[in-house]
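For reference, the structure is listed below as structure tokens.
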Amino acid sequence: MRRAVMATLTGLALSFSAYASDLEINQFRVRGPAGGNDEFVELINAGPTAIDVSGYKLNASNASGTVGTRLTLPAGTRIAPGCHLLLTNAASSGYSGSVAGDLTYNTGVTDTGGLAILDASGTVLDQVGLSSGSAYQAGTPLASLGSSNSDTSYIRTTNAAGLPNNSGDNSADFVTLSPSAPHNSASPCVAMGASVSIADASATVTGAGDVQMPFTVTLSEPAPAGSGVTVHVATADDTASAAAGDYDALDTDVTVAPGASSASFDVTVHGSSVGKTDRTFTVSLSHPSGGYTLARASAIGAILYDIPVNAELYEIQGREQTSPLLGKRVITHDNVVTAVGPAGFTMQTPDARADADPLTSNGLYVFTGSAPTVAVGDMVDVNGRIDDYYHLTELKNPEITVVSHGARLPRAVEFDAGTPSMDPDHLSCGATNFQCFMSMRVRVRHGMINTGNKRFSGEPYAEVSITANGRRSLREPGVVYGVPVPAGVDLPNWDGNPEVFKMNTADFGAVPLNTPFNAGSTFEATGVISYDFGAYTLIPTTFRLTHAAELPRPVDKAPPVALRIGALNTERFCDSTFDTTYTCSGGSSEPTEAEVQLKIERLSAYIGGVLRLPDVLSVEEVKNLPLLQRLAKQLGDDYGVSYDAYLMEGHDPSGIDVGFLVRTDRVKVLSVRQLAADETWDDNGSTAYIHDHPPLLLTAQAGLMRFQVISVHTKARQKVDGSGSATDRDREKRFLQAKSIATQVQLLQQASPLTPLMVVGDFNSYQFSDGFVDMVGLISGRYQDSQNLLKLGEPNIVHPALWNAVESVPSNDRYSFQFTQNFGEIQGYTKAGSGNSGRSVPTFQVLDHALLNLPARWRFMRMQYGRADLDAPVQTADDAASASGIDKAIGVSDHDGFVVELLDPSLMIGHGRGHDRHDDHGKAHGDRGHHAH
């Protein structure tokens, strides 16, 4: 089982909320005028002597308790008494203050996270939190200052001696400061008056014998000659109780001898023969003599019980992601080994002893660090310490005793249509969908692989996205999950597909490492649920593909009586010349001529081999006509079929346009013209074109049938689900584009009511409303004001309404684009390193549609998407560039194209033989390259 590296909290820091020292966080902010990286952390030495902070660490936590080191202070770093050290964020749009930082870090801190200073041994010296979920906080955490980019910091209050307050309660010790006023090592130091302080202490109980907990009282300057300095000390219960026998109460005076700077005293802590949770009491100072003031008047005494606790696995796991026994040594008896990996194994409570609580797991991972000496079916006793890696609770440093062999494995939890839950309001494990199954056996009978393998360094074929209900991870109707439904919109939120999780097939040896899987494949498996890189994961112990999806998967051959009309977004099909406002490629430069030719060859493989040479093909994101003509020639060279290319320049500043490829042996072109190319709108006070890619109308004849096709490519969805003026602007433009196209459709219907008409292309809109603007609904004449933020306020423009042929496609095949929706740190998912930022769900959506008027629908036969782009493993798509035949098409675009067939019996006259010949040529050219995993 792979384990991610993370900084972990020490047992001491987890046992009590504050651990005071002379080194403190004095002032900080985690967002500033320049944005989220405009951060600083100001440290102060509030003690009487200089502190060597070599190897000390600045750690940060997010709101889910995941921690990491931001900065390790270099050797030789010292802070004099009363002086400061300023740590600043040097990342992009980082610290903007005028006071220079002394040291820098490069990874930001979340607005609702926390900060801590750790000494070189990893002990937390001071900590502050901005949410209850932060791993770092003292007492009541501070309120987050939110996401507004203001120059506001938190700063400690000071006491009568002018020293920072540190009561162990963040909310009592800090106030806001605006504007912030950070101090660095060159700033004036705080004058240290004569004061007395007490530091926190701890004692570890390992058995029944009593132990002494030493406390030290420290003066900021040596005690004067004569009587010295006397201060009263008194203990008080917190979670530890003197009356219950946890420790002996103390109420006495302590004297610092003349000329000395400190004095020590002990509190007796009573031992225990049974394991307990860690407990704390407080020690307070009062009434110092000699004119001394109280700088730090209270301390925490932490009683740390390091006695093995007898516990069942469900007691170790608890109901939360973090074990209630984290950091403790435990002994757990008579559990069954269920899976064995290269560095550990999972074990589970036998069914007869399993916990009846559905929200606690009966499994646990034991990390051995090397190949375990146990086998599946062994009954084991394990003694070890509870640890946490990215919320994977595990036993480390284990002592393992095999009690017996051949035990019956616990019954696997069935993952099916109901488990894990598909309802985010009623998740299977309460706050999460998988935590209560951690390290337990599960069985998946109808698994669906949603994505081809990701690729990691050294692992070209890594994890895949899966569901257990046999369904693809499709975008469903409604406003995107997590975004409030706008007022006046009668739609629910899309649920965000909480049932989607990951699978790593090799970790327990179910299949060889680096086994590729194509999306759309189905499987059955038994395995355990784990937590890997911030997300829940199935690791199979047995695995069988029940259907290996072929890739590429061409559309079916069509009968000669079918007129085949398709669409394909070619994804930035550019030439090598930079002659537009922005690069056509979308990058910093245009492709080389060799890269252009390779793109042409790969698109030819897709159009010829995957879409099987449609009669008319709408193409989107093509830079110019000469480039499209080169593609037409390539198709002729590869497949012996003659295509004519049609394209008219639009208004996109990067130069991409829509066009047509038309087979000359099957279709006669009567005219090609742009629609509404000159229409404008008020774009925030400026007159601008409505259409970046004006719709292109093809009027043509096939056999005896005259027909029309409109190619569209409307505005992208990037900002649609957001908020603010840029979002409002984009929604309005999309709304106006859809109204314009609908008007053109209606004019054509009125002029030629019996002529088959199709509107095809990349609509950048779903087959249902997203709650803001249903572009497909508006263009087809099916817009519902009640389901959209922007209201049409009148009857639909198009009548009779067009029909979306996507409705005829099997539900699991309704997708033409894949988008990974990032929902952040929810449902137990956390940030976990580069590229992982909480719950990221690959969703498959229809952006490429075919709308048919009534005459076209009367002739409709079928619609099919060709598959070569969206279902491939990342490595397979990269390798396809050097492949031959149809395999060369894999990964050529970020969309999959489609073909719609219309019945036209007149095509049988003189055309059938040529059509068959071309299809057979395509088969000979490309079918040898088909492969399946």
Restricting attention to segment 469-488, does a residue exist that is farther than 18 Å from ASP871 by Cα, part of a loop (DSSP other than H, G, I, E, B), outside the structural domain of ARG731 (by TED's automatic domain parsing) and among the acidic types (Asp, Glu)? yes
Here is a check on your reading of the model: is ALA506 surrounded by fewer than 23 Cβ atoms within 10 Å (Cβ to Cβ) and farther than 19 Å from PRO842 by Cα? yes
Pairs needed: first member in segment 301-319, without any contact (Cβ under 8 Å) to a residue 40 or more places away in the chain; second member anywhere, part of a loop (DSSP other than H, G, I, E, B) and charged (D, E, K, R); C-beta distance under 6 Å; at least 6 residues apart or different chains. VAL309/LYS328
Give the residues of segment 388-398 that are more than 11 Å from THR368 (Cβ to Cβ) and modelled with pLDDT of 95 or more, sorted by residue number. THR393
May I ask you to list the residues in segment 682-720 that are touching a residue at least 40 places away in the same chain (Cβ under 8 Å), surrounded by fewer than 16 Cβ atoms within 10 Å (Cβ to Cβ) and among the hydrophobic types (A, V, I, L, M, F, W, C)? LEU704, ALA716
Just to verify a result, which residue in segment 314-345, among those that are assigned to a strand (DSSP E or B), touching a strand residue (DSSP E or B) at 6+ places or on another chain (Cβ under 7 Å) and among the β-branched types (Val, Ile, Thr), is surrounded by the fewest Cβ atoms within 10 Å (Cβ to Cβ)? ILE331
Criterion (over 29 Å from VAL382 (Cα atoms) and touching a residue at least 40 places away in the same chain (Cβ under 8 Å)) met by exactly one of GLY290, GLY271: GLY290
On the given criteria, is ILE117 crowded, with 23+ Cβ neighbours inside 10 Å, of a type outside the set (Gly, Ala, Ser), outside the structural domain of ASP266 (by TED's automatic domain parsing) and modelled with pLDDT of 95 or more? yes
Count of residues meeting criterion [closer than 20 Å to ASN62 by Cβ and among the acidic types (Asp, Glu)] in segment 85-138: 2
Hand me the list of strands (runs of 3 or more DSSP E) wholly inside segment 591-680 holding 3 or more residues that are surrounded by fewer than 24 Cβ atoms within 10 Å (Cβ to Cβ) and not aliphatic (A, V, I, L, M). 668-674
Within the set of pairs 6 or more residues apart or between chains, which connect a residue that is closer than 23 Å to ALA880 by Cβ and of a type in the set (Lys, Arg) inside segment 551-565 to a residue that is surrounded by 24 or more Cβ atoms within 10 Å (Cβ to Cβ) and at pLDDT 95 or above with Cβ atoms less than 6 Å apart? ARG553/ARG867
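Every residue, every condition in (1) within 15 Å of SER298 (Cα to Cα); (2) surrounded by fewer than 16 Cβ atoms within 10 Å (Cβ to Cβ), yes or no:
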position	(1), (2)
VAL217	yes, no
ALA225	no, yes
GLY228	no, no
ASP237	yes, no
SER241	no, yes
ASP253	yes, yes
VAL256	no, no
SER261	no, no
Residue hits (segment 125-183; outside any loop (DSSP other than H, G, I, E, B), touching a residue at least 40 places away in the same chain (Cβ under 8 Å) and closer than 26 Å to ALA201 by Cα) are LEU125, ASP126, GLN127, VAL128, GLY129, ILE155, ARG156, PRO164, ASN170, PHE174
Within segment 713-762, which residues are hydrophobic (A, V, I, L, M, F, W, C), under 12 Å from LEU802 (Cβ atoms) and either in contact with a helix residue (DSSP H, G or I) (Cβ under 7 Å, 6 or more places away or on another chain) or not in a strand (DSSP E or B) (or both)? ILE741, ALA742, VAL745, LEU748, LEU757, MET758, VAL759
Checked segment 146-200 for anything touching an Asp or Glu at 6+ places or on another chain (Cβ under 9 Å), within 21 Å of SER132 (Cα to Cα) and surrounded by fewer than 14 Cβ atoms within 10 Å (Cβ to Cβ); matches are GLY146, SER147
Can you spot a residue in segment 136-143 that is within 23 Å of PRO188 (Cβ to Cβ) and either small (Gly, Ala, Ser) or assigned by TED's automatic domain parsing to the domain that holds ASP22 (or both)? no
For the subset of segment 796-817 comprising residues that are buried (at least 21 other Cβ atoms within 10 Å of the Cβ) and polar (S, T, N, Q), which member is farthest from the chain's Cα centre (by Cα)? ASN804
Mind checking whether some residue in segment 788-795 is crowded, with 18+ Cβ neighbours inside 10 Å, aliphatic (A, V, I, L, M), modelled with pLDDT of 95 or more and under 23 Å from LYS668 (Cα atoms)? no
Residues being modelled with pLDDT of 50 or more, buried (at least 23 other Cβ atoms within 10 Å of the Cβ) and among the small types (Gly, Ala, Ser) - total across segment 1-46: 2
What single numbered condition from (1) under 27 Å from the mean Cα position of the chain (by Cα); (2) at positive phi; (3) not acidic (Asp, Glu) fails to hold for GLY82? (1)
Can you pull out the residues in segment 509-530 that are crowded, with 22+ Cβ neighbours inside 10 Å and in a strand (DSSP E or B)? PHE523, ALA525, GLY527, VAL528, ILE529, SER530
Enumeration of residues in segment 586-613 that are in contact (Cβ under 8 Å) with a residue 40 or more places away in the chain and not basic (Lys, Arg): GLY586, LEU598, GLU601, LEU603, ALA605, TYR606, ILE607, GLY608, GLY609, VAL610, LEU611, LEU613
From THR583, THR592, THR577, THR570, residue being in contact with a Leu (Cβ under 7 Å, 6 or more places away or on another chain) and assigned by TED's automatic domain parsing to the domain that holds VAL669: THR570
List the strands (runs of 3 or more DSSP E) that sit entirely inside segment 346-452 and contain at least 2 residues that are under 24 Å from the mean Cα position of the chain (by Cα). 379-389, 392-404, 441-449
If a residue has to be in a loop (DSSP other than H, G, I, E, B) and more than 15 Å from LYS831 (Cα to Cα) to count, how many in segment 64-119 make the cut? 24
Residue count for segment 697-722, restricted to those that are in contact with an Asp or Glu (Cβ under 8 Å, 6 or more places away or on another chain) and under 18 Å from VAL622 (Cα atoms): 5
Is it the case that some residue within segment 784-796 is outside the structural domain of THR110 (by TED's automatic domain parsing), of a type outside the set (Ser, Thr, Tyr), assigned to a strand (DSSP E or B) and out of contact with any Phe, Trp or Tyr (no Cβ under 6 Å at 6 or more places or on another chain)? no
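Among the residues of segment 681-700, write down those that are touching a Lys or Arg at 6+ places or on another chain (Cβ under 8 Å), among the charged types (D, E, K, R) and outside any loop (DSSP other than H, G, I, E, B).
First, the residues of segment 681-700 that are touching a Lys or Arg at 6+ places or on another chain (Cβ under 8 Å): 681, 683-684, 690, 692, 696-697, 699-700.
Okay, now just the ones that are also among the charged types (D, E, K, R), so 683, 692.
If the condition is that a residue be touching a Lys or Arg at 6+ places or on another chain (Cβ under 8 Å), among the charged types (D, E, K, R) and outside any loop (DSSP other than H, G, I, E, B), then ASP683 is the only one that fits.
The values are calculated or read from the model by the stated rules, or taken from the named source; none is laboratory data. Model, not experiment: these values are computed from the prediction. Cβ coordinates were reconstructed from backbone atoms using ideal geometry, including for glycine residues, and neighbour counts include every protein chain displayed.
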